[in-house]
Amino acid sequence: MAAASALASSAKEVLPPALGSTSEPPPVFDGTTRLYICYFCPFAQRAWVTRNFKGLQNKIKLVAIDLQDKPAWYKEKVYQQGTVPSLEHNNEIKGESLDLIKYIDSNFDGPKLLPEDAAKRQFADELIAYADSFTKALYSPLISHADMSEETVAALDKIEIALTKFNDGPFFIGQFSLADIAFVTILERVQIYYYHLRNYEITKGRPNLQRFIDEMNKIEAYTQTKNDPLSLLDIAKNHLKVRHYGNINIVQLLALWFSSHLPTAHRAIFFFPDCLKI
């Protein structure tokens, strides 16, 4: 019911331009609630989707940061970590995407994205806690130029099985929840990268995962945050000043994003000395 309401009430949002090094900062701590994001960051996208689904477009203002030309004031005045997403709320700054989506769900009005049912809540919490390990398993072979690893296949198989635990809907706990948001922005990207870089379709032989992706693409709160499938390739070409989409260039791009946005404990895995760290 909540999903249907969100689908019906959502409207295309006019997105603000990304702020760069010459942009003036917003009036921080003036009572406005702001969500600082980058349009291409999967971690920021999690918080963005949560905000959209709960219908908070008029209560949480988007502030887009250009991470290729990041303004110094973002780290100095807003969020000392310098990463996105971050949320300015009640004169405080909150960060780390998996913590932030729970915070937004708990502290703002709108459809609740965690269930009251104890078994479903426990499973959702377990999945959210696993999301960082899943990300590591899926990106490690891309970063290291390795073939498909057993760890990668096992991670994909794990979520395929997880999607069978509850049979009252296509999502992890049946109904759409924070658990789905934790994974879908990563899946959006790895589906593209594995297809182009490894000739591997992550949904092949995984019908539940295919159904999950199909159903996610019906939720406007999510689809309004998606990038064109080739846009990340364009970013790689422009940012790294290359003339082709070779594997190494995409890998460098991934290292760039993930060294800047993963929780600190996981950043070293995705850092390449020869990439530009933001």
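At a glance:
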| quantity | calculated |
| --- | --- |
| Candidate set from the range 190-206 (those that are part of a helix (DSSP H, G or I) and within 15 Å of A155 (Cα to Cα)); member that is most open to solvent (accessible area, probe 1.4 Å) | Q191 |
| Residues satisfying the stated conditions in the range 216-234, i.e. crowded, with 17+ Cβ neighbours inside 10 Å and either β-branched (V, I, T) or at pLDDT 95 or above (or both) | M216, I219, E220, A221, Y222, T225 |
| Among the candidates E13, E116, E88, residue that is among the acidic types (D, E), assigned to a loop (DSSP other than H, G, I, E, B) and touching a residue at least 24 places away in the same chain (Cβ under 8 Å) | E13 |
| Residues satisfying the stated conditions in the range 143-189, i.e. among the hydroxyl-bearing types (S, T, Y) and open to solvent by less than 10 Å² (accessible area, probe 1.4 Å) | T152, S177, T185 |
| In the range 77-103, residue farthest from D168 (Cα to Cα) [restricted to those that are buried (at least 18 other Cβ atoms within 10 Å of the Cβ) and of a type in the set (S, T, N, Q)] | T83 |
| Residue that is surrounded by the fewest Cβ atoms within 10 Å (Cβ to Cβ) [pool: residues in the range 53-71 that are polar (S, T, N, Q) and modelled with pLDDT of 95 or more] | N58 |
| Checklist (1) in a loop (DSSP other than H, G, I, E, B); (2) open to solvent by 60 Å² or more (accessible area, probe 1.4 Å) applied to S106, failing item | (1) |
| Filtered residues of the range 91-103 (kept if assigned to a helix (DSSP H, G or I) and of a type in the set (G, A, S)) | S97 |
| Filter pass, I60 being free of Cβ contacts under 8 Å to residues at least 24 places away in the same chain and in contact with a strand residue (DSSP E or B) (Cβ under 7 Å, 6 or more places away or on another chain) | no |
| Top-ranked residue in the range 139-169 [being outside any loop (DSSP other than H, G, I, E, B) and in contact with a Phe, Trp or Tyr (Cβ under 8 Å, 6 or more places away or on another chain); ranked as nearest to A118 (Cα to Cα)] | A162 |
| Which numbered condition Y74 misses (of (1) surrounded by 21 or more Cβ atoms within 10 Å (Cβ to Cβ); (2) touching a helix residue (DSSP H, G or I) at 6+ places or on another chain (Cβ under 7 Å); (3) at pLDDT 95 or above) | (2) |
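The values are calculated or read from the model by the stated rules, or taken from the named source; none is laboratory data. No experiment lies behind these values; they were computed from the predicted model shown. Cβ sites come from the backbone with ideal geometry, for glycine too, and all protein chains shown count toward neighbours. Note: areas computed on protein heavy atoms with side chains; ligands, DNA, RNA excluded. Shrake-Rupley method; radii C 1.70, N 1.55, O 1.52, S 1.80 Å.
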